[in-house]
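Throughout, read-outs are computed from the coordinates displayed, never taken from laboratory work. All figures in this text were calculated on a predicted structure; none of them were measured in a lab. Counting neighbours? That spans all protein chains shown, and the Cβs are built from the backbone with ideal geometry, glycine included.
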Amino acid sequence: MSTTTGTLVKGIDLTGFLVKDPAKAIAFYRDVLGIVPTQIDEEGRGAEFTLADGTTFGVWRPEDGETGGFVMFAVDDITSAVGELRSRGVELPDPMESPVCHMTFGQDPEGNGFIIHQRKK
């Protein structure tokens, strides 16, 4: 197995859970664990909680209804990261754009989801 001297991934922008009932999940993390949402989706799909150490945790309802955990890996340049990962055999769709970021969704060999993510400046 080869190792790469440089890395595309510079950190984790967000970890979280895919949930069936975002309102119930938000209430649990807010009211039981005591972490205050820092961003709540206007359409009720989920929320993000920025924690005291600067990390971000989120709960989101996916369109396909699947549940589970995910990690959002931070990159500096999504276009070059996607190209490099594809050259290494990773299947990734073209990145999508949101108001705050660019991202694409992939899976590891076990079927665990991950997101390659570039925040907008």
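List, please: which pairs have Cβ atoms under 7 Å, are six or more places apart or on different chains, and start with a residue in segment 13-27 that is aromatic (Phe, Trp, Tyr) and end with one that is part of a strand (DSSP E or B) and surrounded by 14 or more Cβ atoms within 10 Å (Cβ to Cβ)?
Matching pairs, first to second residue: PHE17/VAL59.
For segment 69-84, which residues satisfy the criterion of being under 12 Å from ILE115 (Cβ atoms) and outside any loop (DSSP other than H, G, I, E, B)?
Result: GLY69, PHE70, VAL71, MET72, PHE73, ALA74, ILE78, ALA81, VAL82.
Go through VAL90, VAL59 for me and flag whichever is surrounded by fewer than 17 Cβ atoms within 10 Å (Cβ to Cβ) and among the hydrophobic types (A, V, I, L, M, F, W, C).
Just a single option satisfies the conditions, and that option is VAL90.
Consider only pairs whose beta carbons are under 6 Å apart and that are at least six residues apart or on different chains; among these, list those whose first residue lies in segment 71-98 and is touching a residue at least 12 places away in the same chain (Cβ under 8 Å) and closer than 19 Å to ILE12 by Cα and whose second residue is charged (D, E, K, R) and crowded, with 16+ Cβ neighbours inside 10 Å.
MET72/ASP13; ALA74/ASP13
Of everything in segment 37-68, what is more than 21 Å from ARG119 (Cβ to Cβ) and in contact (Cβ under 8 Å) with a residue 12 or more places away in the chain? Give them in sequence order.
Those that are more than 21 Å from ARG119 (Cβ to Cβ) and in contact (Cβ under 8 Å) with a residue 12 or more places away in the chain: GLY44, ARG61, GLY65, GLU66, THR67, GLY68.
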